[in-house]
Amino acid sequence: MSLLLATLLPGLFLLLVGAPLLLGSAGAEAALKSFPRSQSASWVLFGGAAVWFLHNVWHLSPADFGEYRAALFIGFAAIAILSFKCVPDFLAVRGACVLVLLCAMPLLDAAYMEYDHPQRLFMVSLVYVVISLAIWLGAQPWRARDVIEWAFARPGRGRVVGGSLALYGLLLCGLAFTY
């Protein structure tokens, strides 16, 4: 992945999430409030994360327990399938966290050793903050509900959050074309 794409994609994602909140869209607010326990979001996000993770497990090198990849694949596939039955609460949040962690590597790889472009640090800093948030929410997924409730507890707070996300997204989109 190129550095341009690695900076542009998070910027566009932040714009996509932040713009409806900035505009005060009731649909975006309702979707965000129902997200943590959404069954359809669980299937899409956790299912997608499981498929991507299992793909990575299947392509392990011999140095990374590759000779045991069939057993690892079967074990992790069983865990992913049983997660839908045994721990369905906040599975959408967990799936989003796993996807964030899996997406972080290509983004950080694109910025690796690019010392001639100090503006890459805006993207890299965001990625590290989001990694920390994903680890925290992966361990305590109910906190996502609390954060969403906090964002909409007072009128206008959701717009400020959305505006901040959209503004940083615009910054990243602009910076992507400076490489």
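For Kirkwood radius over Cα pairs in Å, the choices are (i) 16.3; (ii) 17.8; (iii) 20.5; which was calculated from the structure?
Step by step, Kirkwood radius over Cα pairs in Å for this structure corresponds to label (ii).
For the chain, set up a Gaussian network in which alpha carbons nearer than 10 Å are linked by springs, and say which option among 166, 41, 71 fluctuates the most.
Between 166, 41, 71, it is 71 that shows the largest mean-square fluctuation.
Count neighbours as other Cβ atoms within 10 Å of each site's Cβ, and list the chymotrypsin sites (Phe, Trp or Tyr not before Pro) in the range 57-141 that are DSSP loop with at most 11 such neighbours. It would help to have the intermediate numbers written out before the result.
On the way: sites: 58, 65, 68, 73, 76, 84, 90, 112, 115, 122, 128, 136; in loops: 65, 90, 112, 115.
For chymotrypsin sites (Phe, Trp or Tyr not before Pro) across the range 57-141 that sit outside H, G, I, E and B with at most 11 neighbouring Cβ atoms in 10 Å, the list reads 112, 115.
Note down the net charge around residue 29, summing +1 for each Lys or Arg and -1 for each Asp or Glu among other residues with Cβ under 15 Å from its Cβ. Intermediate results must be reported in sequence, preceding the final value.
Numbers: positive: 33, 145, 154, 157, 159; negative: 149.
Taking every other residue near residue 29 into account, the sum is +4.
Which whole-Hz ³J(HN,Hα) couplings does the range 95-107 yield from phi under the Karplus relation 6.51 cos²θ - 1.76 cosθ + 1.60, θ = phi - 60°, glycine and proline marked x?
Running phi through 6.51 cos²θ - 1.76 cosθ + 1.60 with θ = phi - 60° gives x, 5, 5, 5, 4, 4, 5, 6, 6, 5, 4, x, 5 Hz.
For the chain, what does -39500 (n - 2.57) per DSSP helix run (n ≥ 4), summed and divided by total residues, give at 222 nm, in deg cm²/dmol to the nearest 500? Don't jump to the answer; show the numbers that get you there.
Numbers: 8 runs with 130 residues, N = 179.
Rounded to the nearest 500, it is -24000 deg cm²/dmol.
Answer with one residue from 162, 14, 110: the one whose Cα lies farthest towards the positive end of the charge dipole of the chain, charges on Cβ with Lys, Arg +1 and Asp, Glu -1.
162
Which whole-Hz couplings ³J(HN,Hα) result when phi for each residue of the range 174-179 is put into the Karplus expression 6.51 cos²θ - 1.76 cosθ + 1.60, θ = phi - 60°, listed in order with x for Gly and Pro?
Here the 3J(HN,Hα) series is x, 5, 4, 8, 9, 7 Hz.
Give the separation of the Cα centroids, the range 23-72 to the range 83-146, in Å.
Cα centroid to Cα centroid, the span is 12 Å.
Since every read-out is calculated from the coordinates, none of them should be taken as a lab result. Values in this document were obtained by computation on a predicted structure and should not be read as measured data. Ideal geometry is used to build each Cβ from the backbone, glycine not excepted, and the neighbour counts take in all protein chains shown.
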